[in-house]
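All remarks here apply to the structure that follows.
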Amino acid sequence: MKKVVLAGNPNVGKSLLFSRITGTAAISANYGGTTVEVKSSRLKSRDLEFELIDGPGVYSLEEYSEADKRALKIIDAADIIVDIVDATHLERNLTLTLQLLMKCKPMVVCLNFWDDTLHKGINIDVKELEELLGVPVITVSALHDQGIRVLLDAIEDARNSKAVCGVGDTWEKIGNIVARVQKLEHRHHTFLERLSDISLHPVGGIITAAVVLVSVLLIVRFLGEGLLNKVLEPLFFNYYDPFMLRLSEGIPSDLVRMLLFGTTADPLESFGILTSGVYIALVLVFPYFFSFYLVFGFLEDFGYLPRLAVVLDRIFHKLGLHGYSSIPVMLGLGCKVPALMATRVLGNKREKILTMSLILMSSPCLPQTSMIISMGMNYGIGVVLSIFGILLVLAFIMNYAINKVMKGDMPEFFTELPSYQLPSLKLMLRKLWIRIADYFKEVLPMIAVGVFIINILDVIKIISFVTALIKEPVRILMGLPPDIASIMLLGFLRKDVSIALLAPLGLDGHQFIIASIFLVIYTPCISSLFSLIREIGFLSGLKLTGIILATAIISASLLHGIFLLF
């Protein structure tokens, strides 16, 4: 069976085109680097049966990064190359096209975003381009599902180029080709282009970033709370919980009943796999996951995220990172689990660890943020601002320290800035569905395993032993009441609940600041911990968790000492 590879620069629509051709699910976005794993599918078109492969996007076949090496390996193993070219940026894309032609393999050039060339006043002579390159050239619009059949037919007609193979200077050829096939019409800047200029301005970019960030938090908070309070909690308590209660009555074994259904009717306290596990994953975490990714999907398809990365690049450089780490960090404002998973696009393990420490320490997740604001306003806005300010300072200090210890090269930050475009609602919802499916496949089992482990620890009395052990150190070092020890253990499973359980303790403003900061950063919740270990390995995950725990204890103790002095 022949192998057909979709090759091209980042953000030229390879993944969307692969999804259109095969009908399989693939995440695409209006910025480069979305494809971090190779996907393939077997197809038959007319008389040709082949395997279609969607690899990582690269700007060159020279081996600058791991993505380049992976792409080159895939291309070398392919029988036919389909070069996906952004027709609105022909000159830049032709660099890779000529390198691919020099492989002297059967090839087709596919001009994507063909509809956009008409809107932008770009006229390309396709027939002339085909003659100059010596291979079939076809036009498609993956976004609007146009030209897919033509592309499949063209794959059968793929041929080697006799015009370009191994001859001449690359840049000279590109200049000659563009001069002969492309004509530009004069036009005025559109509203979206002016908006793009503002979002990259040194001052306007910061203002835009602040407006976007606040808007995201407000939308996600209200949408998430609405789903939780109006839809999911009523469904759980009115239908699912009573059914689980009846089901538990038929279990003869006390141990099995305790593991599956817990010891109480309250899903926050029962710690049963089918009660607490389902309630946490589906009722408390999922609404914010859903609402955040709905908004995030709009931003990534609109094309704003690469601009946010550029605006934040100078700040992130101080921490040993580049601006692209801002995207996973922004995800962490909603839920830490997808944020940790998003670090897969980063270049190496060092970058991942630095970004993960920033994700886990710089801010609470959205449910925690809501609880801190709601309860903290009782002490005044100064308390709320102090909590978020201290968290940010601690995250920057720790990242700066880790960066000094973990020596390594930091690659320069180069990113493509795609044109702003109005997202397709159909594609946004399809991408949201893919992410929801991944959530149920990855997060739900992890939470169930975590609940099971905690139950086993409770049965063998380890939890009660640890609680008794840490009561006095917590009181002496942090100035907090001993009852908070059990809340700390609960927070490993449910961090937002741990913040809420501070209410009955009668804390003063200083104690609330100390307790909130400690509970936000002292350890990842169980689902985040499993994601952390999955992404960077068991040993590295435990090391990072230990560093964060030590930082939380030292910070809380120092704050207690400072508050005693003042």
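The values are calculated or read from the model by the stated rules, or taken from the named source; none is laboratory data. Predicted model, so just to flag it, every value in this text is computed and none were measured. Here the Cβ positions follow ideal geometry from the backbone for every residue, glycine too, while neighbour counts run over all protein chains shown.
Can you tell me which residue among ILE373, ILE390 is modelled with pLDDT of 90 or more and β-branched (Val, Ile, Thr)? Matching residue, one of ILE373, ILE390: ILE390. Cβ separations smaller than 7 Å between residues 6+ apart or across chains give the following pairs from the range 186-214 residues that are closer than 30 Å to ASN123 by Cα and among the hydrophobic types (A, V, I, L, M, F, W, C) to residues that are part of a helix (DSSP H, G or I) and at pLDDT below 85: LEU200/ARG307; LEU200/VAL310. What do you reckon, is LEU94 surrounded by 19 or more Cβ atoms within 10 Å (Cβ to Cβ), farther than 17 Å from ALA158 by Cβ and in contact with a helix residue (DSSP H, G or I) (Cβ under 9 Å, 6 or more places away or on another chain)? Yes, satisfied.
Put simply, of VAL82, VAL58 the only residue that is modelled with pLDDT of 90 or more, in the same structural domain as LEU132 (by TED's automatic domain parsing) and β-branched (Val, Ile, Thr) is VAL82. Screening GLU156 with (1) in contact with a Leu (Cβ under 6 Å, 6 or more places away or on another chain); (2) buried (at least 18 other Cβ atoms within 10 Å of the Cβ); (3) in the same structural domain as VAL108 (by TED's automatic domain parsing) gives one miss only, at (2).
Name the single residue that is surrounded by the most Cβ atoms within 10 Å (Cβ to Cβ) among those in the range 278-292 being out of contact with any Gly (no Cβ under 8 Å at 6 or more places or on another chain) and either of a type outside the set (A, V, I, L, M) or farther than 23 Å from MET244 by Cβ (or both). The residue in question is TYR279.
In the range 76-96, the residues that are touching a residue at least 40 places away in the same chain (Cβ under 8 Å) form Cβ pairs under 6 Å with partners that are of a type in the set (Lys, Arg) and buried (at least 23 other Cβ atoms within 10 Å of the Cβ), at six or more places apart or across chains, as follows: ILE84/LYS14.
Do we have any residue at all in the range 537-553 that's within 27 Å of LEU259 (Cα to Cα), without any contact (Cβ under 8 Å) to a residue 12 or more places away in the chain, in the same structural domain as LEU331 (by TED's automatic domain parsing) and under 23 Å from the mean Cα position of the chain (by Cα)? Scanning the range 537-553, I find at least one residue that is within 27 Å of LEU259 (Cα to Cα), without any contact (Cβ under 8 Å) to a residue 12 or more places away in the chain, in the same structural domain as LEU331 (by TED's automatic domain parsing) and under 23 Å from the mean Cα position of the chain (by Cα), so the answer is yes. In the range 112-122, the condition of being over 27 Å from LEU422 (Cα atoms) and either of a type outside the set (Phe, Trp, Tyr) or modelled with pLDDT under 80 (or both) is met by no residue. Please indicate, with yes or no, whether at least one residue in the range 36-45 is closer than 18 Å to TRP433 by Cβ and at pLDDT 85 or above. Checked against the condition, which is being closer than 18 Å to TRP433 by Cβ and at pLDDT 85 or above, the range 36-45 yields no hits at all.
Restricting attention to the range 316-354, the residues that are under 10 Å from the mean Cα position of the chain (by Cα) and either over 28 Å from VAL285 (Cα atoms) or not assigned by TED's automatic domain parsing to the domain that holds PHE290 (or both) add up to 0. Would you check which residues across the range 524-552 are crowded, with 19+ Cβ neighbours inside 10 Å, modelled with pLDDT of 85 or more and not in a helix (DSSP H, G or I) and list them? Residue satisfying the conditions is PRO524 alone.
Name the residue, out of SER326, SER386, SER357, that is among the polar types (S, T, N, Q), on the phi < 0 side of the Ramachandran plot and free of Cβ contacts under 8 Å to residues at least 40 places away in the same chain.
SER326
When THR264 is tested against (1) free of Cβ contacts under 8 Å to residues at least 24 places away in the same chain; (2) touching a helix residue (DSSP H, G or I) at 6+ places or on another chain (Cβ under 6 Å); (3) over 24 Å from PRO10 (Cβ atoms), just one condition goes unmet, and that condition is (2).
Conditions tested, residue by residue: (1) over 24 Å from LEU366 (Cα atoms); (2) assigned by TED's automatic domain parsing to the domain that holds PHE290; (3) assigned to a loop (DSSP other than H, G, I, E, B).
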position: ILE198; (1), (2), (3): yes, no, no
position: VAL212; (1), (2), (3): no, yes, no
position: SER215; (1), (2), (3): no, yes, no
position: VAL220; (1), (2), (3): no, yes, no
position: LEU223; (1), (2), (3): no, yes, no
position: LEU228; (1), (2), (3): no, yes, no
position: VAL231; (1), (2), (3): no, yes, no
position: PHE236; (1), (2), (3): no, yes, no
position: TYR239; (1), (2), (3): yes, yes, no
